[in-house]
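Since the structure comes first, as structure tokens, the remarks are kept for the end.
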Amino acid sequence: MIFINGAKTLKAAKLAFQCAKEMTCLPLLVGLCFEESGNLSCGTTPLCALITLQAMGVDAIGCVFETDI
């Protein structure tokens with residue numbers, strides 16, 4: 001399993017996932033870093049990020065809030 005952690009924007013998460021998917025057949029987990037507002041720094045809601053990444057084929061999605069790190 002490859003864990004892509006700390007993506008602060010949906011664009012960063014998508015690009016990292018696409019690059020990793022091209023290089024391996026291992027399961028891919030994407031960890032998103034949400035702000036105090038509850039959204040990503042680009043304003044994307046957790047639900048929108050979840051739906052987008054699931055549609056791309058991400059195997060698992062995790063989250064952390066900036067106040068936790």
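The values are calculated or read from the model by the stated rules, or taken from the named source; none is laboratory data. Here the structure is a predicted model, which is why all the values come from computation and not from measurement. Cβ coordinates were reconstructed from backbone atoms using ideal geometry, including for glycine residues, and neighbour counts include every protein chain displayed.
For the reader, a short list of remarks on this structure follows.
- Residues that are assigned to a helix (DSSP H, G or I) and exposed (fewer than 14 other Cβ atoms within 10 Å of the Cβ), drawn from the range 23-55: 23, 47, 48, 51, 54, 55
- Of all residues in the range 3-19, those being farther than 23 Å from residue 66 by Cβ and either surrounded by 16 or more Cβ atoms within 10 Å (Cβ to Cβ) or touching a helix residue (DSSP H, G or I) at 6+ places or on another chain (Cβ under 9 Å) (or both) number 1.
- Unmet criterion (only one of (1) modelled with pLDDT under 95; (2) not in a helix (DSSP H, G or I)) for residue 67: (2)
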